[in-house]
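Structure in structure tokens, see below.
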Amino acid sequence: MNELIALALTVILVMLAAAYARRFGIGKEISLSGTRSIVQILILASIILVLFKLPLYWSLIVLLTMVAIAGHTTYTRSGKLDKVFPAAIFSIASASLLMLVPFFLFGIFPLEPQYLIPTGSILIGNTMNVSSLAIDRYRGEIKNRRNEVEAYLALGAGPKVAASACLKQGILSALIPSIDNMKNLGLVWIPGVMTGMLLAGASPFTAASIQIAIFTSIFAADLMASNLLLHYSTSSFFTGAAQLREDLE
Amino acid sequence: MNPVHLELKNVSRAVFRRVNKTRVKTQILSSLDLIVQRGELVTIMGPSGSGKTTLLRLINRLAEADSGSIMLNGKDIKEYDPFELRRKVGMVFQIPVVFRGSVNENLAVGMKLWGYENDIYALARDCVIPLELLNADAEQLSVGEKQRVCIARALANQPEVLLLDEPTSALDAASAEKIETLLLNLRKEKGLTMVWITHDREQAKRTGGKRYFLRNGRLEEDHE
Ligand SMILES: Nc1ncnc2c1ncn2[C@@H]1O[C@H](COP(=O)(O)OP(=O)(O)O)[C@@H](O)[C@H]1O
Ligand SMILES: [Mg+2]
């Protein structure tokens with residue numbers, strides 16, 4: 001019963017928000033993305049419901065699908081540079097997986113779809129966001145600092161050296177929101193996992209411990225994924241003869 | 001007669017400009033030829049936008065020619081490892097770009113890349129960089145000082161050829177004169193081959209080298 005009320009409220013809110021947003025010319029967009037999100041999350045709920053009953057490898061398939069979609073999103077942010085798609089998939093997948101393992105290895109969570117899917121998707125979603133920010137900034141830095149990059153190349157430096165200052169800036173600016181979030185954890189906001197657990201009746205201490213574990217894992221995964229991605233993307237900005245490409249968008 | 005050091009044959013290069021969302025092809029260099037002997041200095045003049053910078057960028061392969069061939073010591077530059085080619089063919093840009101860090105660190109880039117044992121003090125002396133500037137932040141130097149750092153940084157690679165893209169045009173008259181003297185002295189002392197772009201005919205004459213004019217994508221000798 002509760003869930004029906006919550007859904008009805010959501011629909012009403014989306015309609016109201018869309019009606020209000022019409023004056024900014026984004027009414028249609030809001031109603032569309034609002035509807036999309038409701039439908040998607042309901043589909044997700046049904047999938048999870050089914051997954052709970054299926055063998056574990058099905059959950060892995062779902063996570064891999066998420067990784068593929070996340071990789072594609074990041075790839076689009078890069079200006080569709082070749083090689084960035086596989087690089088994004090690889091970096092998001094390996095960073096998320098690596099940070100996922102300890103939770104189940106040390107028995108923080110039982111290895112069941114009910115735990116695997118939400119934790120996995122939190123990690124994948126976060127690494128995707130940070131990777132997109134990082135590659136977008138990296139590309140922007142390389143474009144804006146063409147002269148510096150080419151001055152390095154003209155000395156006989158390779159792309160890695162020539163772009164290293166840009167890479168650093170890309171990673172730094174992508175991680176700033178995460179660092180700020182970490183600083184303000186518990187001050188400005190109660191993060192999602194803790195909120196959920198509290199709402200579901202867990203003790204505040206349990207909720208806080210799980211939250212901080214997930215939080216630091218997210219940060220470590222972000223750091224790792226953005227580093228891997230930018231590292232493997234560098235050559236996409238250059239030609240085979242170590243020339244900075246002229247067609248960077 | 002000295003042996004041929006650098007030879008451009010039939011070199012062409014077009015660029016695409018975006019005009020109202022369509023790409024318009026413009027031929028910048030068309031069947032350009034140039035021969036430079038070892039130790040020779042040539043100057044190239046031409047109105048802005050005529051393709052002088054484009055030409056230099058082809059020689060150290062920062063950009064690729066559409067057709068034709070460029071030979072260094074009788075070997076096509078495409079057969080060189082691009083990094084080694086750029087070590088041999090140094091470049092000084094119109095607007096000096098220094099890297100973050102001290103002057104010292106800027107001068108050491110080449111050494112790090114190539115493992116050379118350069119004497120930084122000698123390098124600084126050759127390029128008229130006061131020793132007290134060596135530890136200064138490179139980004140805070142004047143444009144003229146930056147240009148000297150860039151020249152020294154290029155020389156640290158121990159190049160055979162130096163490409164100079166209007167090396168004095170961003171400077172005030174006094175600094176410009178200093179850089180000009182510096183470059184002419186370096187050439188005398190080190191026997192460097194130089195391709196020097198300038199928009200200043202008087203400067204071109206002062207260098208005493210062969211003078212070319214870039215017009216309609218080709219080089220014409222300037223006899224004026
Ligand atoms: N990568 C490029 N894309 C588009 N246009 C270019 C590119 N490089 C140079 N150009 C154009 O080619 C012309 C010649 O440029 P440049 O070689 O810099 O001239 P110069 O050095 O003689 O002033 C200019 O009109 C410039 O706008
Ligand atoms: Mg120019």
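Read the figures in this text as sums done on the coordinates, not as results from a lab. The model shown is predicted, which means the values in this text are computed figures rather than measured ones. So basically every Cβ, Gly included, is an ideal-geometry build from the backbone, and we count neighbours across all protein chains shown.
Taking chain A as a Gaussian network, where each spring joins two C-alpha atoms under 10 Å apart, which residue of A:165, A:151, A:95 fluctuates the most?
The residue with the greatest mean-square fluctuation here is A:151.
Please get the size of the charge dipole for the range A:56-237, origin at its Cα centre, with Cβ charges of +1 on Lys and Arg and -1 on Asp and Glu, quoted in debye to the nearest 20.
With only Lys, Arg, Asp and Glu charged at Cβ, the dipole is about 420 debye.
Could you list A:214, A:135, A:30, B:35 so that the one with the fewest beta carbons within 10 Å of its beta carbon is first and the one with the most is last?
So the ranking, lowest neighbour count to highest, is B:35, A:30, A:214, A:135.
Using +1 at the Cβ of each Lys and Arg and -1 at the Cβ of each Asp and Glu in the protein assembly as shown, identify which of A:229, B:170, B:51 lies farthest towards the dipole's positive end.
The residue sitting most towards the positive pole is B:51.
What percent do you get for the relative contact order of chain A when only Cα pairs under 8 Å and 6+ apart count? It would help to have the intermediate numbers written out before the result.
On the way: 241 pairs, mean separation 55.4, N = 249.
The value is 22 percent.
Divide by every residue of chain A the summed helix terms, -39500 (n - 2.57) for each DSSP H run of at least 4, and state the resulting mean residue ellipticity at 222 nm, rounded to the nearest 500 deg cm²/dmol.
One gets -26500 deg cm²/dmol as the mean residue ellipticity at 222 nm.
Same structure again: What are the aspartates and glutamates whose alpha-carbon lies under 13 Å from the alpha-carbon of residue B:178, with same-chain residues fewer than 8 places away excluded?
B:126, B:145
Please compute the average number of Cβ atoms from other chains found within 10 Å of each residue's Cβ in peptide B:133-144. Walk me through the numbers before you get to the answer.
On the way: counts 0, 0, 0, 0, 0, 0, 0, 0, 0, 0, 0, 0.
Neighbouring Cβ atoms belonging to other protein chains average 0 per residue here.
How high is the FRET efficiency between residue A:200 and residue A:58 when r is their beta carbon distance and R₀ equals 22 Å, given to the nearest 0.05?
Values: r = 24 Å, r/R0 = 1.10.
The pair residue A:200/residue A:58 has a calculated efficiency of 0.35.
How large is log10 I(q)/I(0) at q = 0.09, 0.13 Å⁻¹ when the Debye formula is applied to the Cα atoms of the protein assembly as shown, each weighted equally and without solvent?
-0.76, -1.15
Percent of Cα-Cα pairs per 10 Å bin, from 0 to the last occupied bin, for the range A:56-237, please list those.
Pairs per bin, as whole percents: 10, 34, 31, 17, 7, 2, 0.
Which FRET efficiency value, to the nearest 0.05, do you get for residue A:11 and residue A:239 by plugging their Cβ-Cβ distance into 1/(1 + (r/R0)^6) with R0 = 51 Å? Walk me through the numbers before you get to the answer.
On the way: r = 52 Å, r/R0 = 1.03.
Using R0 = 51 Å, I get an efficiency of 0.45.
How many percent of Cα pairs in the range A:52-119 exceed 17 Å?
Value for the range A:52-119 (Cα pairs over 17 Å): 47 percent.
I need the trypsin sites (Lys or Arg not before Pro) found in the range A:1-71, filtered to DSSP loop residues with at most 10 other beta carbons within 10 Å of theirs.
Answer in residue order: A:53.
Could you list the trypsin sites (Lys or Arg not before Pro) in the range A:57-103 that lie in coil according to DSSP, counting only those with at most 14 other Cβ atoms within 10 Å of their Cβ?
A:80, A:83
Based on DSSP loop calls and a cut-off of at most 16 other Cβ atoms within 10 Å, the longest stretch of chain B free of exposed trypsin sites (Lys or Arg not before Pro) is what?
B:101-224
Evaluate the Kirkwood expression for the hydrodynamic radius of the range A:1-51, namely the inverse of the mean inverse distance over all pairs of different C-alpha atoms, and round to one decimal in Å.
Values: mean 1/r = 0.0847 Å⁻¹.
It works out to 11.8 Å.
Please compute, for peptide A:143-154, the average count of beta-carbon atoms on other protein chains lying within 10 Å of each residue's beta-carbon.
Rounded to a whole number, the mean comes out at 5.
OK, next. Using only the Cα atoms of chain B, what are the Rg and Dmax in Å?
17.6, 53
Using alpha-carbon positions, what is the distance between the centroids of the range A:53-118 and the range B:1-55, in Å?
51 Å
Mind checking the dipole of the range B:81-158: about its Cα centre, +1 per Lys or Arg Cβ, -1 per Asp or Glu Cβ, Debye to the nearest 20?
Here the size comes out at about 220 debye.
Separate question: Averaged over its residues, how many other protein chain Cβ atoms are within 10 Å of peptide B:50-60's Cβ atoms?
Partner Cβ neighbours, averaged per residue: 1.
While we're looking at this one, here's another question. If amide hydrogens are placed 1.01 Å from N in the peptide plane, which non-local residues have theirs closer than 5 Å to the one on residue B:41?
So residue B:41 has HN proximity to B:194, B:210.
Could you give the DSSP H helices of chain A that reach 24 angstrom or more along their long axis (alpha carbon positions) and whose average Kyte-Doolittle hydropathy is no lower than -1.0? Please report the intermediate quantities before stating the final value.
Numbers: long enough: A:2-21 (28 Å, 2.00); A:27-51 (35 Å, 1.44); A:57-77 (30 Å, 0.91); A:84-105 (31 Å, 2.15); A:113-144 (46 Å, -0.09); A:164-184 (30 Å, 0.32); A:204-233 (42 Å, 1.10).
Span-like helices in chain A: A:2-21, A:27-51, A:57-77, A:84-105, A:113-144, A:164-184, A:204-233.
Going by how many other Cβ atoms sit within 10 Å of their own, how do A:136, B:119 line up, fewest first?
Least crowded to most crowded, the residues run B:119, A:136.
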